Ligand SMILES: Cc1ncc(C[n+]2csc(CCOP(=O)(O)OP(=O)(O)O)c2C)c(N)n1
Ligand SMILES: [Mg+2]
């Protein structure tokens, strides 16, 4: 029953009112966490800014007050455009409240990104430099994965929705011991035929869950992955036999937040109450063209609360790894809603002349700035040099993941004995991802209806659009569909997880 309801809700078959293991009704505004830092409307601030003479490098008292009060105002300064609040934490060390081990691990990620992008003479260093602490906590501490078996079915999923920052992901896969990303592969970043293309490709590089780059698409895929997890858990888990029990993590940038597709899929995730979906918003206040107040001033936190998400804030995502740890713990404690962790970061953190500027978004730092950044962050290692102490930390997590998989293997053996029929189905559908006859015929309990009447169909293994209009057209053409198609990416991932 639960699986039927879950799938029906996800596939839009209209079973919204029925109870579901993963569904939670949330009244917007009622459940705002105390930790939620509501993003203030910057209208007033923008008015103040408009009154300022752009040529005047000093601030009026009122503008300075506004900067302090709202924390979102960009401040003109002789040295360039800096945000008082945001840059105030940029000290000579990388982590003000972290251990040396934390600092080294975070900086290793940053400098692999800087060096690879400098070598290839193209790429996006700013995002990985700002997101490195999130990546570190996830891959060195939180996530369950086994580098020796990237396809282990109960692994935690990670989706980099801001795919332009993919050196973050390559660095993490390399450091944790995935053979798909060697140091040579990192040195081949963005080269033709390499395993480290300019945006992550899940068919090129083992360990990349989702091909990303089109902003907003990754988070939508992550919603689908989390929905598939919830569905499979509801269908297959039996008392004492938790076959499917994992989290889906996602990092989104401001650009992902802007894209319409993310509004739709995140609203849907809230509707479904996907408690094992944890998304980080890299709130660095910068996109490709400049500061976000030029074009992006909505209250994102309130929007997500209205969707039915828990929203948490990490005030200093550049250095405060403990705050990231705590936010993840709080996210996990909330089991009936997805969580958005708004992490305030500085793009290009550590770069003396390019941090907090769109100069760090999509161009190499260059040799001189890389050196200056090394000096600023106290990173004494050379290009592409990673100390063994850092490898030890990341690889230990991979080793722990292998052990977790061994424990899971025992559960799976037990399951096959105790639930032979379901085990066979699980193997065929979830592990082998074989096309299901039941889905083809449209008669599956999890797939009510027939082709063209509101259900997905499969031709050559590709799920197609399920609406009447496009029942015969490939899913990738659905952008032009005149009827409601708000969850295609969700469905695509959901079907991948399901079939
Ligand atoms: C749908 C879509 N539109 C446009 C782009 C081009 N693009 C790549 S990165 C980017 C800006 C993203 O800003 P943000 O997510 O804030 O990343 P940051 O600058 O912080 O690294 C844009 C517009 C894209 N990748 N996808
Ligand atoms: Mg940004």
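Side notes on the structure shown:
- Those residues of region 354-384 which are in a loop (DSSP other than H, G, I, E, B) and either free of Cβ contacts under 8 Å to residues at least 24 places away in the same chain or farther than 17 Å from residue 118 by Cα (or both), in sequence order: 356, 357, 378, 380, 382
- Across region 163-194, the number of residues qualifying as more than 17 Å from residue 121 (Cβ to Cβ), crowded, with 22+ Cβ neighbours inside 10 Å and away from ligand 1 (no atom under 15 Å from the Cβ) comes to 8.
- Residue within region 242-251 that is surrounded by 21 or more Cβ atoms within 10 Å (Cβ to Cβ) and within 16 Å of ligand 2 (Cβ to nearest atom) present: yes
- Of the residues making up region 238-273, those that are assigned to a helix (DSSP H, G or I) and more than 9 Å from ligand 1 (Cβ to nearest atom) are 260, 262, 263, 264, 265, 266, 267, 268, 269, 270, 271, 272.
- Criterion: assigned to a helix (DSSP H, G or I) and closer than 29 Å to residue 413 by Cβ - qualifying residue of 223, 235: 235
- Filter pass, residue 213 being in the same structural domain as residue 124 (by TED's automatic domain parsing), farther than 19 Å from residue 338 by Cα and surrounded by fewer than 22 Cβ atoms within 10 Å (Cβ to Cβ): yes
- Being touching a residue at least 40 places away in the same chain (Cβ under 8 Å) and either surrounded by fewer than 22 Cβ atoms within 10 Å (Cβ to Cβ) or over 18 Å from residue 221 (Cβ atoms) (or both) holds for only one residue in 344, 326, and it is 344.
- Subset of region 278-336 [more than 13 Å from ligand 1 (Cβ to nearest atom), in a loop (DSSP other than H, G, I, E, B), in contact with a strand residue (DSSP E or B) (Cβ under 8 Å, 6 or more places away or on another chain) and over 21 Å from residue 160 (Cβ atoms)]: 315, 316, 320, 334
- Qualifying helices (runs of 4 or more DSSP H) (wholly inside region 97-192; at least 1 residues being within 16 Å of ligand 2 (Cβ to nearest atom)): 100-120, 126-137, 167-176
- Filter pass, residue 406 being out of contact with any helix residue (DSSP H, G or I) (no Cβ under 6 Å at 6 or more places or on another chain), assigned to a helix (DSSP H, G or I) and over 23 Å from residue 136 (Cβ atoms): yes
- For residue 290: the one exception among (1) closer than 24 Å to residue 232 by Cα; (2) within 12 Å of ligand 2 (Cβ to nearest atom): (1)
- Residue pairs meeting the criteria (Cβ under 6 Å; at least 6 apart or on separate chains; first in the same structural domain as residue 160 (by TED's automatic domain parsing), in region 271-285; second near ligand 1 (Cβ under 9 Å from one of its atoms) and assigned to a loop (DSSP other than H, G, I, E, B)): 282/253; 282/345; 284/345; 284/347
- Taken over region 329-341, residues that are buried (at least 24 other Cβ atoms within 10 Å of the Cβ) and either farther than 13 Å from residue 279 by Cα or within 16 Å of ligand 2 (Cβ to nearest atom) (or both) amount to 2.
The values are calculated or read from the model by the stated rules, or taken from the named source; none is laboratory data. Owing to the predicted nature of the structure, the values given are computational and were not obtained by experimental measurement. Note that each Cβ is placed from the backbone with ideal geometry, even for glycine, and that neighbours are counted across all protein chains shown.
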